[in-house]
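Encoded as structure tokens, here's the structure I'll be asking about.
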Amino acid sequence: MIQLLPTALPDVVVLEPDVFRDARGFFLEAWHEEKFRDVGLAVRFVQDNHSHSVRHTLRGLHYQLVRPQGKLVRVTSGTVFDVAVDLRRDAPTFGRWVGVTLSEENHRMVWIPPGFAHGFLVLSQYADLLYKCSEPYLAEHDRAIRWNDPALGIEWPLAAETEPLLSPRDASAPLLAEVVALP
């Protein structure tokens, strides 16, 4: 059984799978099409991604203009603060964000539907983040929004004097007001 936990953004949900533990370790089903469909997540995935990052790495906020991707995100080692930003212009929650801590200990996953930007900050020494995508990556339609856009006001769990490790692209990403948002 999988439990869905609501977030501040109605379409973004946290998933808590059943975790079976014993002296050997644990077992969980990270994806089971029928069981996920039964709880309201009827999604077809076409791509799996794996990101390995060191402490204070911040990736995002990324989205795709054409064929927006839905993402089922989980962490297999370490801890991250995972963020979704609603980019659907007609949504009442346009421009709002939600953050969720995902870790190897809590085994939680987050569903980020198409139409949202996604990013994460690594809180542990390193982290391995795995995510399934509902659409393939299309480099020519890949876009980003600046991680520290004051209009978004994302409360990243970084100490005041700590600068995140950013790619050049993410460091110079435009503000939300400067980009074309998804329909």
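Can you find, within the stretch 107-143, the residue that is nearest to Arg59 (Cα to Cα) among those that are in contact with a Pro (Cβ under 8 Å, 6 or more places away or on another chain) and aliphatic (A, V, I, L, M)?
Leu121
If you don't mind, another one. I want to confirm something. Restricting to the stretch 76-90 and keeping residues that are within 17 Å of Val13 (Cα to Cα) and touching a residue at least 60 places away in the same chain (Cβ under 8 Å), which single residue is surrounded by the fewest Cβ atoms within 10 Å (Cβ to Cβ)?
The extreme case among them is Arg88.
Given the criteria touching a Phe, Trp or Tyr at 6+ places or on another chain (Cβ under 6 Å), modelled with pLDDT of 95 or more and under 18 Å from Cys133 (Cβ atoms), does Val12 qualify?
Values: touching a Phe, Trp or Tyr at 6+ places or on another chain (Cβ under 6 Å): no; modelled with pLDDT of 95 or more: yes; under 18 Å from Cys133 (Cβ atoms): yes.
No.
So is Pro68 over 27 Å from Gln125 (Cα atoms), within 17 Å of the chain's Cα centre (by Cα) and modelled with pLDDT of 95 or more or not?
Yes; evaluated as a whole, the condition is true for this residue.
Starting from the stretch 37-51, keep only residues that are touching a residue at least 40 places away in the same chain (Cβ under 8 Å), then list their pairs with residues that are of a type in the set (Asp, Glu) whose Cβ atoms are within a distance under 7 Å, requiring at least 6 positions of separation or different chains.
Hits for this filter: Val46/Glu135; His50/Asp128.
Is one or more of the residues making up the stretch 129-151 of a type outside the set (D, E, K, R), assigned to a helix (DSSP H, G or I) and more than 14 Å from the chain's Cα centre (by Cα)? Let's see the steps before the verdict.
Narrowing the stretch 129-151 to residues of a type outside the set (D, E, K, R): 129-131, 133-134, 136-139, 141, 144-145, 147-148, 150-151.
Next cut, assigned to a helix (DSSP H, G or I) only: 139, 141.
Checking the rest, the ones that are also more than 14 Å from the chain's Cα centre (by Cα) come to 139, 141.
Within the stretch 129-151 (the criterion being of a type outside the set (D, E, K, R), assigned to a helix (DSSP H, G or I) and more than 14 Å from the chain's Cα centre (by Cα)), the answer is yes, since at least one residue qualifies.
Could you list all residues from the stretch 94-111 that are out of contact with any helix residue (DSSP H, G or I) (no Cβ under 8 Å at 6 or more places or on another chain), assigned to a loop (DSSP other than H, G, I, E, B) and surrounded by 17 or more Cβ atoms within 10 Å (Cβ to Cβ)?
His107, Arg108
On to the next question. Might you check whether a residue that is within 13 Å of the chain's Cα centre (by Cα), outside any loop (DSSP other than H, G, I, E, B) and either within 20 Å of Tyr137 (Cβ to Cβ) or at pLDDT 95 or above (or both) occurs anywhere in the stretch 34-49? Break it down into steps so the answer makes sense when it comes.
Taking the stretch 34-49 and keeping what is within 13 Å of the chain's Cα centre (by Cα), we get 49.
Next cut, outside any loop (DSSP other than H, G, I, E, B) only: 49.
Next, only the ones that are either within 20 Å of Tyr137 (Cβ to Cβ) or at pLDDT 95 or above (or both) stay: 49.
Checking the stretch 34-49: at least one residue is within 13 Å of the chain's Cα centre (by Cα), outside any loop (DSSP other than H, G, I, E, B) and either within 20 Å of Tyr137 (Cβ to Cβ) or at pLDDT 95 or above (or both).
When you go through Val179, Val73 one by one, which is the residue that is in contact with a Phe, Trp or Tyr (Cβ under 6 Å, 6 or more places away or on another chain), touching a residue at least 12 places away in the same chain (Cβ under 8 Å) and β-branched (Val, Ile, Thr)?
Sole residue among the options that is in contact with a Phe, Trp or Tyr (Cβ under 6 Å, 6 or more places away or on another chain), touching a residue at least 12 places away in the same chain (Cβ under 8 Å) and β-branched (Val, Ile, Thr): Val73.
Looking only at the stretch 152-175, which residues are of a type in the set (Asp, Glu) and outside any helix (DSSP H, G or I)?
Result: Glu155, Glu161, Glu163.
Among the residues of the stretch 16-31, count how many are exposed (fewer than 13 other Cβ atoms within 10 Å of the Cβ) and either in a strand (DSSP E or B) or touching a residue at least 24 places away in the same chain (Cβ under 8 Å) (or both).
The qualifying residues number 7.
Which of the numbered conditions does Leu165 fail, given that it passes all the others? Conditions: (1) at pLDDT 95 or above; (2) surrounded by 10 or more Cβ atoms within 10 Å (Cβ to Cβ); (3) over 22 Å from Thr101 (Cα atoms).
Every listed condition holds for Leu165 apart from (3).
On the given criteria, is Pro114 assigned to a loop (DSSP other than H, G, I, E, B), modelled with pLDDT of 95 or more, within 13 Å of the chain's Cα centre (by Cα) and within 21 Å of Arg67 (Cβ to Cβ)?
Yes: the conditions hold for Pro114.
The values are calculated or read from the model by the stated rules, or taken from the named source; none is laboratory data. On a predicted model such as this, the values are computed, not experimentally measured, just so you know. Here the Cβ is made from the backbone with ideal geometry for all residues, glycine too, and neighbour counts use every protein chain on show.
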